[in-house]
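First comes the structure, then the notes that go with it.
The values are calculated or read from the model by the stated rules, or taken from the named source; none is laboratory data. None of these values were measured; they are calculated from a predicted model. Neighbour counts are summed over all protein chains in view; Cβ atoms, including those assigned to glycine, are modelled from backbone coordinates with ideal geometry.
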Amino acid sequence: MFNIILLGLVSLLTDISSEMVYPLIPLYLVNRLGATPAVVGVIEGLAESLASLLKVFSGYYSDKFQRRKPMAAFGYGFSALSKILIIFAVSWPWVLWSRIGDRFGKGVRTAPRDALIAESAEPEKMGWAFGLHRALDTLGAAIGVVLAFYFITTFKGDYQAVFIWALLPAFLGVLCLFLVREKVVKIRGEKKRLDLSWSALNPRLKKFLFMVFLFALGNSSNQFLLLRAKDLGYGDSTVILLYLVFNVVYTLVAFPAGVLSDYIGRRSLLVAGYIFYGLVYLGFAVVSNTAYLWWLFGLYGIYNAVTEGVEKALVAEIAPPDQRATLIGLHATLVGAGLLPASFLGGILWNYFGASAPFYFGGALGLLAALGMMLVLSGGRDQKMECRR
């Protein structure tokens, strides 16, 4: 319990910092640095994808040495330091390197941190643990968005001032991580070697991961949602408030969704979440009245709350204890691998076919992935989808 709450506080502080910066990045790139939506997509997709490739390896070495905390601390620290680059940005490549550094840190820390959460939770309360962590994490995001709105209006559009203030909670989060008590567990017997070949995975798990990857191909960066609001006529401060609505709803729903998954199973919520995503993205495609954007951002928060923590709990639940961080990392890597083509395609579709195009594409793929996930996860209990032959 202590570790779960403390790790949630670490994520809360880190997300305060990140979300003070994140909703301003597309506006900063387009309004101040002259970038196009395609460049925004490339920056986000490249940063997320490159960092995601690290997650499986950080998870593996966390399993190999049976240590989670040192790698998590390094990842959080690296992300905090990388935010300094954006303060001095004079062109979009500076923002690219800042985002790569930030996501590199996330890539290193995610699997060890999630393994720490899983090992600190009671087996029958895995959804509870990940739901609580997601709720605290997203509460930090909501606070960060409020602070971004406050600073951007107080400093009258001075992006650098907001970026400087964002450093404080980032480094406080790193300091809080040192209070986490890691339980070092020695796995008896021969340690399994790292084997990431596709053929080594259970056929049903391969289908599950394929559907996750298919869904990721349509799930472009959230920054396109912010650009969509801007395209429909909202100013910077209102765009930030829309993003706040998303984070507040996400915060309120994440914990109940995790608890609910402990009672009704992960599969039902995951499939429902994918369907919900597809419908919401189609809503972003057809919306013309800006008033409806408030509802769409709130509904998008429900989708994230229902799927993200639940999907992590499912992976942690089906992974063998001695390979838990590795398989959590593998799942995150496959999700991240889809972000570069998804965001790149989103930017290209926007540039050549209009602002609605990436949302039609994402909505269609979301519904297709929901159908596939329903077939893959049908029959049997979640935990019986073994990871290895």
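When residue 40 is evaluated against the numbered criteria (1) at pLDDT 85 or above; (2) in a helix (DSSP H, G or I), which criterion, by number, is the only one it fails?
Among (1) at pLDDT 85 or above; (2) in a helix (DSSP H, G or I), residue 40 violates only (1).
So which of 127, 34 is at positive phi, at pLDDT 80 or above and not charged (D, E, K, R)?
Going through 127, 34 in turn, the sole match is 34.
Which residue, of 108, 145, is part of a helix (DSSP H, G or I), closer than 27 Å to residue 33 by Cβ and among the β-branched types (Val, Ile, Thr)?
Result of the check over 108, 145: 145.
Kindly evaluate residue 305 against the criterion of being surrounded by 21 or more Cβ atoms within 10 Å (Cβ to Cβ) and more than 19 Å from residue 45 (Cβ to Cβ). Can you show your working first?
Details: surrounded by 21 or more Cβ atoms within 10 Å (Cβ to Cβ): yes; more than 19 Å from residue 45 (Cβ to Cβ): yes.
When the stated conditions are applied, residue 305 passes them.
Mind counting the residues in the range 53-82 that are touching a Ser or Thr at 6+ places or on another chain (Cβ under 7 Å) and farther than 22 Å from residue 20 by Cα?
8
If you check 278, 233, 258, 283, which single one turns out to be in contact with a Gly (Cβ under 6 Å, 6 or more places away or on another chain) and either acidic (Asp, Glu) or more than 24 Å from residue 337 (Cβ to Cβ) (or both)?
Residue meeting the stated conditions: 258.
So, of the residues in the range 82-98 that are part of a helix (DSSP H, G or I) and of a type in the set (S, T, N, Q), which turns out to be surrounded by the fewest Cβ atoms within 10 Å (Cβ to Cβ)?
Our first condition is that a residue be part of a helix (DSSP H, G or I); within the range 82-98, this holds for 82-87, 92-98.
Next, only the ones that are of a type in the set (S, T, N, Q) stay: 82, 98.
Details: 82: 19, 98: 23.
Result: 82.
If you scan the range 376-389, which residues turn out to be farther than 14 Å from residue 266 by Cα and either at pLDDT 90 or above or outside any loop (DSSP other than H, G, I, E, B) (or both)?
Of everything in the range 376-389, just one residue is farther than 14 Å from residue 266 by Cα and either at pLDDT 90 or above or outside any loop (DSSP other than H, G, I, E, B) (or both), namely 388.
Exactly one condition in (1) hydrophobic (A, V, I, L, M, F, W, C); (2) surrounded by fewer than 18 Cβ atoms within 10 Å (Cβ to Cβ); (3) at pLDDT below 80 is not met by residue 295; state its number.
It is condition (3) that residue 295 fails.
Of everything in the range 97-117, what is within 18 Å of the chain's Cα centre (by Cα) and closer than 19 Å to residue 162 by Cα? Give them in sequence order.
Within the range 97-117, 98, 99, 101, 102 qualify.
If residue 101 passes every condition in (1) assigned to a helix (DSSP H, G or I); (2) closer than 28 Å to residue 310 by Cβ; (3) not acidic (Asp, Glu) but one, which one does it miss?
(2)
Would you mention how many residues in the range 43-68 are surrounded by 20 or more Cβ atoms within 10 Å (Cβ to Cβ) and not acidic (Asp, Glu)?
14
Answer yes or no: is there a residue in the range 231-238 that is hydrophobic (A, V, I, L, M, F, W, C), outside any loop (DSSP other than H, G, I, E, B) and at pLDDT 70 or above.
no
I need a count of the residues in the range 118-146 that are of a type in the set (Val, Ile, Thr) and surrounded by fewer than 24 Cβ atoms within 10 Å (Cβ to Cβ).
2
List the number of the failed condition for residue 178; all other conditions in (1) modelled with pLDDT under 85; (2) within 24 Å of the chain's Cα centre (by Cα); (3) exposed (fewer than 15 other Cβ atoms within 10 Å of the Cβ); (4) not charged (D, E, K, R) hold.
(1)
For every residue, the table says whether it meets (1) under 17 Å from the mean Cα position of the chain (by Cα); (2) closer than 19 Å to residue 363 by Cβ; (3) at pLDDT 90 or above.
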{"residue": "244", "(1), (2), (3)": "yes, no, no"}
{"residue": "247", "(1), (2), (3)": "yes, no, no"}
{"residue": "250", "(1), (2), (3)": "yes, no, no"}
{"residue": "254", "(1), (2), (3)": "yes, no, no"}
{"residue": "258", "(1), (2), (3)": "yes, no, no"}
{"residue": "264", "(1), (2), (3)": "no, no, no"}
{"residue": "277", "(1), (2), (3)": "yes, yes, yes"}
{"residue": "284", "(1), (2), (3)": "no, yes, yes"}
{"residue": "287", "(1), (2), (3)": "no, yes, yes"}
